[in-house]
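Contents: one structure, followed by commentary.
FYI, it's all coordinate maths here, none of it is from the lab. In this text, all values refer to a predicted model and were calculated from it rather than measured experimentally. Cβ: placed from backbone, ideal geometry, glycine included. Neighbour counts: every protein chain shown.
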Amino acid sequence: MHRGLYAAASAMIVQESMHDVVANNLANVSSSGFRRRIPVNKSFPEVLMDRIEKKSEDGEIKLVAPPFQLGLKGKFLIGDLSLANVISETYMSTEFGGLQVTDNPFDAAIVGDGYFAVQDGAGNTYYTRSGHFQKNEEGQLATHDGMLVLGDGGPVEVGDAVSFTITETGNIIADGQLVDVLQVFTFENPTYLRQVGRTALAVTEDSGEPVPVEEIRLEPGALEMSNVNVVEEMVRMVEAHRAYESASKVLMTHDELTGKLITSFGGTN
């Protein structure tokens, strides 16, 4: 089997993944607090590859047809593949997205570094830059995705308050009374936070543990918009599409050459 087939297929997989990342960025261009993801490609001088075929019935090591390689449970060695390209990871851009004034008392944008803490129905804690909040049916402060906003005392309880205010320091005032203080955290490497849903982010080993912000700075009645540049993302999408087409043509060329080789030398005299 020509290794060029594997190289072309690898390139197609990379471009498909890049297209998915760009599509996700464009889909969230209007999501407050969303920060775009950037794919990272790595090219290895040599990559040891193998192929996976149908497992043998006994699942043991078996001898296959020429060139007589040993395969374990349907996995067979191909060999070194020079200059293979793969997507190793995606990371989050931490560029500020700009403010949009809404004059909504439930909205608040973080000024500087930091992330609001939110909690899903299963009790898992996530983090978000989106301060687009609302009061749910239980009288709790929640995101528009249904996650509860966390304060120093846990989920923020607003109750049946008529008036509501979020101050510049994160204090939550309901009917003139201080009911809680919003929790805001920073991370050592926030670019490695994992995206969960639209704007929620999960802690990873590379991001580090959350560290509480001592001096909270908010912009009440405003939202941080996404930092997605539509023109830039469209250019990246076109580039990924063209690269995918080029790799697919290489794949078809190798396939045609293989067919001609079989036709020319596969017959018997």
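In this structure, is Ser163 closer than 28 Å to Ala23 by Cα and among the small types (Gly, Ala, Ser)? Show your work before the answer.
Working: closer than 28 Å to Ala23 by Cα: no; among the small types (Gly, Ala, Ser): yes.
In short, no.
When segment 170-195 is filtered for residues that are surrounded by fewer than 16 Cβ atoms within 10 Å (Cβ to Cβ) and within 16 Å of Gln119 (Cα to Cα), only Arg194 remains. The single residue among Glu219, Glu209, Glu232 that is under 17 Å from Tyr91 (Cβ atoms) and out of contact with any Ser or Thr (no Cβ under 8 Å at 6 or more places or on another chain) turns out to be Glu232. Given the condition in contact with a His (Cβ under 8 Å, 6 or more places away or on another chain) and either assigned to a strand (DSSP E or B) or under 19 Å from Val118 (Cβ atoms) (or both), answer yes or no: does some residue in segment 221-241 qualify? There is at least one residue in segment 221-241 that is in contact with a His (Cβ under 8 Å, 6 or more places away or on another chain) and either assigned to a strand (DSSP E or B) or under 19 Å from Val118 (Cβ atoms) (or both).
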